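For reference, the structure discussed in these notes is given below.
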Amino acid sequence: MITSRDLESITKASFLENISRLCLSMNEIKDEDLLPLVTAQVLRNLKELDLSSNHITDAGIEFLVSTDVFENLRSLNISHNKIENKGFKTLSQAKCFPELECLDVANTKINK
């Protein structure tokens, strides 16, 4: 299980500049734990981010869309989280993912 402190340390590693896929699924990541990720300039080349099966809510989506770090992201998996309609609306209106091709929101709290 990765903690907030672990994420902070990981995102300072220079080798991440070469990483194109980062899987952080099933780590009990909460909204505030995303702060080190959204400020990690070493993740600018990231193409795929898997945050599935965590504890991310609409507030976490606000963090994700508040940065340009993920401007090269092509795939975002936020399935199996606690995201509701508000978070999905925020995500769908965001301009910070211009390259996004795949968005997985399965098994969230998003409804019609």
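The values are calculated or read from the model by the stated rules, or taken from the named source; none is laboratory data. These numbers were taken from a predicted model, which means no experiment stands behind them. Every residue, glycine as well, gets a Cβ built from its backbone with ideal geometry; the counts of neighbours run over all protein chains shown. For accessibility, only protein heavy atoms count, side chains too; no ligands or nucleic acids. Shrake-Rupley method; radii C 1.70, N 1.55, O 1.52, S 1.80 Å.
On the given criteria, is residue 91 within 24 Å of residue 19 (Cα to Cα), part of a strand (DSSP E or B), open to solvent by less than 50 Å² (accessible area, probe 1.4 Å) and not acidic (Asp, Glu)? Here the answer is no, as residue 91 does not meet what is asked.
Given the conditions (1) touching a Leu at 6+ places or on another chain (Cβ under 6 Å); (2) open to solvent by 80 Å² or more (accessible area, probe 1.4 Å), which single one is not true for residue 78? Only one criterion in (1) touching a Leu at 6+ places or on another chain (Cβ under 6 Å); (2) open to solvent by 80 Å² or more (accessible area, probe 1.4 Å) is unmet by residue 78, namely (2).
Could we say that residue 111 is of a type outside the set (Val, Ile, Thr) and either touching a helix residue (DSSP H, G or I) at 6+ places or on another chain (Cβ under 7 Å) or assigned to a helix (DSSP H, G or I) (or both) here? Steps first, answer last, please.
Values: of a type outside the set (Val, Ile, Thr): yes; either touching a helix residue (DSSP H, G or I) at 6+ places or on another chain (Cβ under 7 Å) or assigned to a helix (DSSP H, G or I) (or both): yes.
Considered against the rule, which asks whether it is of a type outside the set (Val, Ile, Thr) and either touching a helix residue (DSSP H, G or I) at 6+ places or on another chain (Cβ under 7 Å) or assigned to a helix (DSSP H, G or I) (or both), residue 111 comes out as yes.
Based on this model, can you work out whether residue 22 counts as open to solvent by 20 Å² or more (accessible area, probe 1.4 Å), within 12 Å of the chain's Cα centre (by Cα) and either among the small types (Gly, Ala, Ser) or at pLDDT 95 or above (or both)? When the stated conditions are applied, residue 22 passes them. For residue 6, the conditions (1) open to solvent by less than 80 Å² (accessible area, probe 1.4 Å); (2) at pLDDT 95 or above; (3) among the charged types (D, E, K, R) are fulfilled apart from (2).
Checking each residue of the range 47-70 against the condition of being open to solvent by 70 Å² or more (accessible area, probe 1.4 Å), among the hydroxyl-bearing types (Ser, Thr, Tyr) and closer than 21 Å to residue 81 by Cα gives at least one match.
Among the residues making up the range 25-46, those that are open to solvent by 50 Å² or more (accessible area, probe 1.4 Å) and closer than 11 Å to residue 69 by Cβ are 39, 41, 44, 45. Being touching a Pro at 6+ places or on another chain (Cβ under 7 Å) and β-branched (Val, Ile, Thr) holds for only one residue in 3, 11, 67, 39, and it is 11.
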